[in-house]
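What follows is a set of notes on a single structure, which appears directly below.
The values are calculated or read from the model by the stated rules, or taken from the named source; none is laboratory data. The model shown is predicted, which means the values in this text are computed figures rather than measured ones. Neighbour counts are summed over all protein chains in view; Cβ atoms, including those assigned to glycine, are modelled from backbone coordinates with ideal geometry. The accessibility values were calculated without ligands, DNA or RNA, using every heavy atom of the protein model including side chains. Shrake-Rupley method; radii C 1.70, N 1.55, O 1.52, S 1.80 Å.
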Amino acid sequence: MTIDWSAVTHVTKVDPAESLPADLSVLGHTDLVLVGGSDGVTEANSLAAIERIAEAFPDLPVCQEPYSGSHVSTDTIEAVDRLAAPAVYNGDAENFVDKHVAFFAEVGRKPQELTGTSVPLVGDLVESKACDAVTDLTEKVLAEGYVVQNLDSKAAAESGVEERYSPEEVAGAALATESFFDFPVFYVEYSGTYGGPEDVEAAAQYLDDTVLLYGGGIERAAQTEEILDAGADAVVVGDIFHDDPEQYLDTIP
Ligand code: 1GP
């Protein structure tokens with residue numbers, strides 16, 4: 001399905017390495033689900049979480065946000081609406097360039113698998129089918145410009161982040177996202193701790209077309225309101241969904 005970002009103010013980050021609440025009905029109040037974590041994620045647990053959510057809520061957009069190409073398969077890609085790929089500005093080169101080039105190289109290397117046929121890649125017809133399959137797949141990718149601001153988080157360790165950005169640098173990264181890299185999403189990531197509105201305000205002043213997401217430490221309605229008032233299009237809520245589903249409901253606008 002096409003994602004209507006204008007209707008998304010609340011995103012739930014579901015960690016496939018953690019157990020899901022027995023009663024998933026609370027997800028009926030969120031606008032989009034991102035399946036991804038920073039530790040212990042596998043293709044199998046990702047696919048299981050995606051399928052369980054998609055089965056319970058067929059109309060809810062579900063995206064996979066892997067931190068490694070090993071979490072992704074033709075099955076996970078088929079099961080999700082978009083494959084969200086973080087490009088971390090303040091991380092190491094692997095997390096801004098290398099992982100992505102390796103992923104697309106892999107996509108380009110497997111045309112037979114993508115077309116669902118074992119016919120060798122000979123002849124124009126087969127070749128054009130393979131190109132269509134590659135195009136379908138690449139069009140599913142949703143590039144996210146990321147700034148990881150909690151240095152103590154698993155996300156920072158996983159993406160090689162050693163220094164956080166100043167608000168001026170966050171603003172620069174946002175401006176580059178919209179005017180230079182042309183990524184559709186800019187994500188201020190405070191995973192595990194509440195960062196407040198300052199970075200969101202810095203980023204929001206430069207974003208018209210780019211969707212601005214903030215995630216990290218949101219546990220209460222007042223925090224959601226503060227972040228949305230600062231100019232974010234949507235908050236991303238993770239830990240509290242797993243830890244306290246009743247409290248999680250309070251984060252939904
Ligand atoms: C993590 O931004 C998300 O990637 C949400 O953060 O888990 O702290 O809610 P929390």
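Of everything in the stretch 53-69 that is over 12 Å from the mean Cα position of the chain (by Cα) and more than 15 Å from T30 (Cβ to Cβ), the residue that is modelled with the highest pLDDT is E55. Number of residues in the stretch 72-93 that are under 16 Å from G145 (Cβ atoms), of a type outside the set (G, A, S) and either crowded, with 19+ Cβ neighbours inside 10 Å or modelled with pLDDT under 95 (or both) equals 6. The single condition from (1) within 16 Å of the ligand (Cβ to nearest atom); (2) in a helix (DSSP H, G or I); (3) more than 25 Å from L83 (Cα to Cα) that D152 fails is (2). Selection of the stretch 163-180 for residues being open to solvent by 80 Å² or more (accessible area, probe 1.4 Å) and closer than 22 Å to G196 by Cβ yields E163, R164, E168, E169.
May I ask you to verify whether S19 is among the hydroxyl-bearing types (S, T, Y) and more than 12 Å from the ligand (Cβ to nearest atom)? The answer is yes for S19.
Highlighted here are the strands (runs of 3 or more DSSP E) found entirely within the stretch 177-253 that include at least 2 residues which are without any contact (Cβ under 8 Å) to a residue 60 or more places away in the chain and within 14 Å of the ligand (Cβ to nearest atom): 185-189, 211-215.
Residues being free of Cβ contacts under 8 Å to residues at least 24 places away in the same chain and open to solvent by 40 Å² or more (accessible area, probe 1.4 Å) are represented in the stretch 34-43 by at least one member.
Taken together, the criteria exclude V147 from residues that are in a helix (DSSP H, G or I), within 13 Å of the ligand (Cβ to nearest atom), surrounded by 18 or more Cβ atoms within 10 Å (Cβ to Cβ) and aliphatic (A, V, I, L, M). Looking at the stretch 1-120, the strands (runs of 3 or more DSSP E) lying wholly inside it that each contain 1 or more residues that are over 28 Å from E169 (Cβ atoms) sit at 10-14, 32-35, 62-64.
Which residue, of A157, A203, is out of contact with any Asp or Glu (no Cβ under 8 Å at 6 or more places or on another chain) and open to solvent by less than 10 Å² (accessible area, probe 1.4 Å)? Working first, answer last.
Numbers: A157 fails: open to solvent by less than 10 Å² (accessible area, probe 1.4 Å).
That would be A203, the only listed residue that is out of contact with any Asp or Glu (no Cβ under 8 Å at 6 or more places or on another chain) and open to solvent by less than 10 Å² (accessible area, probe 1.4 Å).
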